[in-house]
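Trainee: Below you'll find the structure I mean.
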Amino acid sequence: MTLQASKLTSPTPLIELQHIIKEYRLGGETLQALKSVSLTVNKGDFMCIIGPSGSGKSTLMNVVGCLDSPTSGSYWLNGEDVTRLSDNRLAEIRNEKIGFIFQGFNLLSKLNAMENVELPLIYRGVPSKQRHQLAIEALEKVGLGDRIHHRPAELSGGQQQRVAIARALAGNPPILLADEPTGALDTKTSREVMELINQLNAMGHCIVLITHDPEVSEQAKRIVRIHDGQLSEQGGGGL
């Protein structure tokens, strides 16, 4: 088989970073937060990016999540070059292709669980009836079908994170990007949330999870360590 034919039959990665550099200007100095980072993530992957504070993992998450643009290099997301797109187009891509799960849940206190889950669908222009159905299905998927009318203050920390996961799932994006999803939870609840994330991966969802916790990272299929803005991969544990 020729190289050209091989490329034609190879699946397109969901995420492909090529020689990404991210620099910041601090005073009169230039800080290089990411140093020629290259990374490929495929459909069905469960990848954990682990590193200490200041290692560059938050910068990497912002680039992968299209929240920030690299200084140089290229980034292909689900087959589309997103490196130099407008802010409006990047916002559309975040809404359509990436489900975000944050450490602090980021739920709106005045809205109930279903209304919180509906928010990204509203921005996408999904009709009301379809939006309600998708939100209910997502909450049922995370085991909160009986909590759809509860507000965040009426839910435990673990339940709030499940609402946040349901919100990420509702639009059926190809990628779930989780930033320290267990960081605000106790040990027992953290394990329950990680069991749910593993179940979602088993259903076919691609997971990219960022953490500083080795116990969390060991559950991923792939573990990528970041240190001083550079990556090294060591395989993975998995359940």
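Trainee: So which strands (runs of 3 or more DSSP E) stay within segment 5-96 end to end and still have 2 or more residues that are of a type in the set (D, E, K, R)?
Mentor: 15-26, 29-41
Trainee: Taking segment 46-97, which residues are over 23 Å from Leu121 (Cα atoms), open to solvent by 50 Å² or more (accessible area, probe 1.4 Å) and in contact with a Lys or Arg (Cβ under 6 Å, 6 or more places away or on another chain)?
Mentor: Thr71
Trainee: Answer yes if at least one residue in segment 24-44 is within 21 Å of Ala168 (Cα to Cα) and open to solvent by 50 Å² or more (accessible area, probe 1.4 Å), and no otherwise.
Mentor: Yes, segment 24-44 contains a residue that is within 21 Å of Ala168 (Cα to Cα) and open to solvent by 50 Å² or more (accessible area, probe 1.4 Å).
Trainee: Still on this structure, I have one more. With the structure loaded, tell me whether Ser36 is among the polar types (S, T, N, Q) and farther than 22 Å from His212 by Cα or whether it fails that test.
Mentor: no
Trainee: Turning to a different aspect of this structure: Would you please name the residue that is modelled with the highest pLDDT, looking only at residues in segment 98-109 that are assigned to a loop (DSSP other than H, G, I, E, B) and surrounded by 17 or more Cβ atoms within 10 Å (Cβ to Cβ)?
Mentor: Step by step, filter segment 98-109, then rank; the result is Leu107.
Trainee: Shifting gears a bit: State yes or no: is Ile148 farther than 30 Å from Pro52 by Cα, β-branched (Val, Ile, Thr) and open to solvent by less than 60 Å² (accessible area, probe 1.4 Å)?
Mentor: Answer is yes for this residue.
Trainee: Do we find a residue being among the aliphatic types (A, V, I, L, M), within 18 Å of the chain's Cα centre (by Cα), over 24 Å from Ser58 (Cα atoms) and surrounded by fewer than 22 Cβ atoms within 10 Å (Cβ to Cβ) anywhere in segment 167-190?
Mentor: Among the residues of segment 167-190, not one is among the aliphatic types (A, V, I, L, M), within 18 Å of the chain's Cα centre (by Cα), over 24 Å from Ser58 (Cα atoms) and surrounded by fewer than 22 Cβ atoms within 10 Å (Cβ to Cβ), which makes the answer no.
Trainee: Going through segment 110-144 one residue at a time, which ones are within 20 Å of the chain's Cα centre (by Cα), of a type outside the set (A, V, I, L, M, F, W, C) and either more than 14 Å from Arg167 (Cβ to Cβ) or buried (at least 19 other Cβ atoms within 10 Å of the Cβ) (or both)?
Mentor: Asn116, Glu118, Pro120
Trainee: How about segment 1-38: which of its residues are among the polar types (S, T, N, Q), at pLDDT below 90 and more than 21 Å from the chain's Cα centre (by Cα)?
Mentor: Across segment 1-38, the qualifying residues are Thr2, Gln4, Ser6, Thr9, Ser10.
The values are calculated or read from the model by the stated rules, or taken from the named source; none is laboratory data. Bear in mind that the values here come from a model prediction, so they are computed numbers and not experimental data. Backbone-built Cβ (ideal geometry, glycine too); neighbour counts: all protein chains shown. When the accessible area is computed, the model is the full protein with side chains, heavy atoms only, and any ligands, DNA or RNA have been set aside. Shrake-Rupley method; radii C 1.70, N 1.55, O 1.52, S 1.80 Å.
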